[in-house]
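Contents: one structure, followed by commentary.
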Amino acid sequence: GAKIEQSHGYVEAKAARLPLTLFGLSALFLALFGLSFARRLISMFRKELAVSFAFFAFVNLLGLVFYTNWLFLGTFTARVVAKLIGLTLGKPVLDLSDPEYPIVGREPFVAIIYPECSGIQSLLLFTALFLLAAAVDLPRIARRKALLAYLLGMAGMFVVTVLRIYFIIAAGVLFSVDFAIQFVHSTISLLLFVAYFALFWRVALRRIRKH
């Protein structure tokens, strides 16, 4: 993601967003349905609400961990992308001098890797979908095999992130910067993620189910 504005205090903003979001949703729910209805709903679906809240809290906590350490992932991603560019497109540009944001590309398209572009959101979405998909079939899932499949899937998700950034830069180099930013950047992330997760889960589910 080649973005223009910097975002100082990014992790702090992410940390503050969770309680504010919960407070806002709770206030809206109470305003629409009232306190008595909320009490009845909680008593009827106590277990389901507790599991949902735990899932929501876990994913957000994992997100904070990822965002706190995103620069390590972003820097490593930039190095791998630069290697691919060097092998296929010519001399790469790799600038790690900025303590906040890695820069990678090849003229005329050089991109700044921000937290959103480093693959963190894809890793979080992969985690959430994996947990939800596994929960649907939980009694027939072998836990240890599922954990191994998850770790391998996360590694594969990193490869997808590298390819996504590489394809965007390649489109800017081989075609045009406008084409890369306005078309490839806005479409390839979703397409790659959906294709990868669909293929991964189809293969993984056969191996993590108890026989």
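The values are calculated or read from the model by the stated rules, or taken from the named source; none is laboratory data. Quick caveat: nothing in here was measured; it's all calculated off a predicted structure. Please note: Cβ atoms are built from the backbone with ideal geometry, for glycine as well, and neighbour counts cover all protein chains shown. Protein only, heavy atoms only, side chains kept; ligands, DNA and RNA dropped before computing areas. Shrake-Rupley method; radii C 1.70, N 1.55, O 1.52, S 1.80 Å.
A few comments on the model shown:
- Residue list for segment 126-150, restricted to those being in contact with a strand residue (DSSP E or B) (Cβ under 7 Å, 6 or more places away or on another chain) and basic (Lys, Arg): Arg140
- Residue match in segment 120-139 (condition: under 16 Å from Ile188 (Cβ atoms), modelled with pLDDT under 95, out of contact with any Lys or Arg (no Cβ under 8 Å at 6 or more places or on another chain) and surrounded by fewer than 16 Cβ atoms within 10 Å (Cβ to Cβ)): yes
- Test: residue in segment 166-178 that is over 19 Å from Arg79 (Cα atoms), loosely packed, with under 13 Cβ neighbours inside 10 Å, polar (S, T, N, Q) and over 13 Å from the mean Cα position of the chain (by Cα): no
- Among the residues of segment 193-203, some residue qualifies, meaning at least one is open to solvent by 60 Å² or more (accessible area, probe 1.4 Å) and among the basic types (Lys, Arg).
- Exactly one residue out of Leu28, Leu22, Leu71 is assigned to a helix (DSSP H, G or I), open to solvent by less than 70 Å² (accessible area, probe 1.4 Å), over 28 Å from Ala198 (Cβ atoms) and modelled with pLDDT under 80: that is Leu22.
- Within segment 82-97, residues that are in contact (Cβ under 8 Å) with a residue 40 or more places away in the chain sit with their Cβ atoms under 9 Å from residues that are open to solvent by less than 50 Å² (accessible area, probe 1.4 Å) and not in a helix (DSSP H, G or I), at 6+ positions apart or across chains, in these pairs: Leu84/Pro92; Ile85/Pro92; Ile85/Val93; Ile85/Val104; Ile85/Gly105.
- Given (1) more than 25 Å from Gly156 (Cβ to Cβ); (2) in contact (Cβ under 8 Å) with a residue 60 or more places away in the chain, index of the condition Met44 fails: (2)
- Yes/no for Gly156 being open to solvent by less than 70 Å² (accessible area, probe 1.4 Å) and over 18 Å from the mean Cα position of the chain (by Cα): no
- Sole exception among (1) at pLDDT 85 or above; (2) surrounded by 14 or more Cβ atoms within 10 Å (Cβ to Cβ) for Leu87, by number: (2)
- Hits in segment 74-100 (condition: of a type in the set (A, V, I, L, M, F, W, C) and assigned to a strand (DSSP E or B)): Val93, Leu94
- Of all positions in segment 101-113, at least one carries a residue that is open to solvent by 40 Å² or more (accessible area, probe 1.4 Å), farther than 26 Å from Arg202 by Cβ and part of a loop (DSSP other than H, G, I, E, B).
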